[in-house]
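A quick write-up on the structure given underneath.
Coordinate-derived values only; no laboratory data. These figures come from a predicted structure and were not determined experimentally. Here Cβ is always computed from backbone atoms with ideal geometry, including for glycine, and neighbour counts include all displayed protein chains.
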Amino acid sequence: MHISYIHAEGDVDYATRSVGKTLYIYFQHSQGKVDWKNNFDFPAKPYKHMKCKDAPYGSVWLAHRGFLSAWRVAEGMLKDQISDTGYTKIVISGYSHGAALAVLCHEYVWYNRPDLREVIEGYGFGCPRVAWGIKNACHRERWARFNVIRNIDDIVTHVPPAILGYFHVGNMVEIGQRGKYSAVEAHFPDSYMRELLKYNEL
């Protein structure tokens, strides 16, 4: 939450850190009006490289258009580091709006660095739903090592609504207690920190 982020066009904020041969990529939560505009830009849009033989009718999968637009900016800034074969592991994390970008970054690494598919790690804290359509083997394979951490009543993790066709990818890890926080309070960073500390003690 408190590291120094690089601010790019479209209100995309990211940071990277190298520790030995591991690259860490971080995405910040919503910071400005453009972020919130992207959050509510719900219509789904096809994602490149995603033609999948296991998808219904062999179609591409679709993603939340606003998050995809923000990821396009981040992709241009991060692609050289991601493609650097000097890194033998990549760990991606984000919170809130940044968690949605972490979802898309994880897929980008999975696709472009097949050598890292067994070691990539992804974490989305307070992550909104990003993918749209019918979940299939293609989604399960690409996000097998991505973890969505949800403080159970967090409203952000329940949007866009599933009734509109959106769903979470990866592994859902629920923390907290139902009814302990309001839907908005459950999304606060302090609430996540408090519940994560308790979860780690289990």
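Ranking Val184, Tyr199, Phe146 by Cα position along the charge dipole of the range 77-202, where only Lys, Arg, Asp and Glu carry charges on their C-beta atoms, puts Phe146 farthest toward the positive end. Within the same chain, aspartates and glutamates fewer than 8 places from Lys89 are excluded, and of the rest, those with a Cα less than 13 Å from its Cα are Asp115, Glu118, Glu121.
For the range 92-98, 3J(HN,Hα) computed residue by residue from phi via the Karplus equation (6.51, -1.76, 1.60; θ = phi - 60°) reads 10, 8, x, 10, 6, 3, x Hz, glycine and proline entered as x. Less than 5 angstrom separates the built amide H of Tyr123 from those of Ile92, Ser93, Gly94, Asn147, all sequence-distant by 5 or more or on a different chain.
About its Cα centre, the dipole of the range 94-164 is roughly 160 debye, where the only charges are +1 on Lys and Arg Cβ and -1 on Asp and Glu Cβ.
Which order do the peptides 68-79, 102-113 take when ranked by the mean count of other beta-carbon atoms within 10 Å per residue, highest first?
Values: 68-79: 18.8, 102-113: 22.9.
In descending order of packing, they fall as 102-113, 68-79.
In sequence order, the range 116-127 has phi-based couplings of 9, 4, 8, 10, 4, 10, x, 9, x, 8, x, 7 Hz under the Karplus curve 6.51 cos²θ - 1.76 cosθ + 1.60, θ = phi - 60°, and Gly or Pro positions carry x. Computed 3J(HN,Hα) for the range 149-156, one whole-Hz value per residue from the Karplus formula 6.51 cos²θ - 1.76 cosθ + 1.60 where θ = phi - 60°, is 9, 10, 6, 3, 9, 4, 4, 5, glycine and proline marked x. Sparse packing (at most 15 other Cβ atoms within 10 Å of the Cβ) combined with a DSSP loop state is found for the following trypsin sites (Lys or Arg not before Pro) in the range 107-202: Arg117, Lys135, Arg178, Lys180.
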